[in-house]
Amino acid sequence: MNDLTFLLSPPGGPALGAAALNGWVLCLSLIVAIGAQNAFVLRQGLKREHVGLLVTLCSLSDAVLIALGVGGLSHLIGDRPWIAQVLAAAGCVFLLHYGVQALQRAARPQALVASASREPMSRPAAVLQLAGFTLLNPHVYLDTVLLVGSVGAQQPGPSAQAAFVAGASLASVMWFVLLGYGARWLAPWFAHARAWQVLDALIGLMMLGMVALLVPMAWGRAL
């Protein structure tokens with residue numbers, strides 16, 4: 001953390017453009033990692049269901065969390081580890097449920113066409129699932145609020161901090177637009193049942209793997 005902060009916030013203070021670039025690079029390096037939220041957006045992008053809404057909500061939530069982290073929420077969470085413990089416990093339940101569902105779909109693959117899914121998801125259901133992947137995942141707070149927020153808070157002055165938040169938010173928008181709308185280029189491959197079976201199997205295993213990582217945190221052993 002100290003090395004990363006030193007590299008992103010060199011002595012003498014960066015200009016506004018450099019602060020924005022710092023935020024963009026740091027956020028993009030963290031958000032590209034495969035996670036529950038990214039997997040959900042990718043799957044909905046392949047099915048072409050509520051893509052614009054999900055991309056907007058993902059980008060907006062990142063921007064708000066980053067701004068709150070820079071504004072001081074990172075210190076609040078850092079001083080109260082029980083918050084992450086509660087989120088980890090709730091996240092375990094949510095991810096376990098979704099992971100089992102994904103594995104069940106993998107066991108019963110359907111030849112889905114992205115533009116005409118046999119079982120379309122309603123807008124409220126999509127929003128609720130996205131909220132679960134975003135708000136019940138403690139790693140979202142550890143990365144977005146604590147790491148990005150603490151680095152952003154070290155930028156010299158309110159203007160540089162605002163530029164940092166803008167750069168980080170731009171990285172989030174770019175990534176989710178690419179993930180959600182770029183998924184349609186993969187649609188020809190996902191016209192076959194085997195491709196969906198592999199995707200759902202990977203998603204299910206990834207969710208269960210995240211549950212295994214969150215259990216120690218929920219018991220307070222990784223805080």
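The values are calculated or read from the model by the stated rules, or taken from the named source; none is laboratory data. Note that the structure is predicted; figures quoted are calculated from it, not measured. In this analysis, Cβ positions are derived from the backbone assuming ideal geometry, glycine residues included, and neighbour counts consider all displayed protein chains.
Take G209 and tell me if it is surrounded by fewer than 18 Cβ atoms within 10 Å (Cβ to Cβ) and farther than 25 Å from V100 by Cα. Outline the logic, then answer.
Details: surrounded by fewer than 18 Cβ atoms within 10 Å (Cβ to Cβ): yes; farther than 25 Å from V100 by Cα: no.
Judged against the criteria, G209 is not a match.
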**Report entry** Extreme residue, modelled with the lowest pLDDT, among residues of the stretch 148-170 that are surrounded by fewer than 24 Cβ atoms within 10 Å (Cβ to Cβ) and under 8 Å from G69 (Cβ atoms)
**Finding:** S150
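Just give me the residues in the stretch 107-130 being modelled with pLDDT under 80 and either of a type outside the set (K, R) or assigned to a helix (DSSP H, G or I) (or both), in sequence order.
Within the stretch 107-130, P109, Q110, A111, L112, V113, A114, S115, A116, S117, E119, P120 qualify.
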Query raised in the report: In the stretch 185-198, how many are touching a helix residue (DSSP H, G or I) at 6+ places or on another chain (Cβ under 7 Å) and in a helix (DSSP H, G or I)?
Result: 6
**Report entry** Within the stretch 175-206, considering residues that are touching a residue at least 24 places away in the same chain (Cβ under 8 Å) and small (G, A, S), the one surrounded by the most Cβ atoms within 10 Å (Cβ to Cβ)
**Finding:** G180
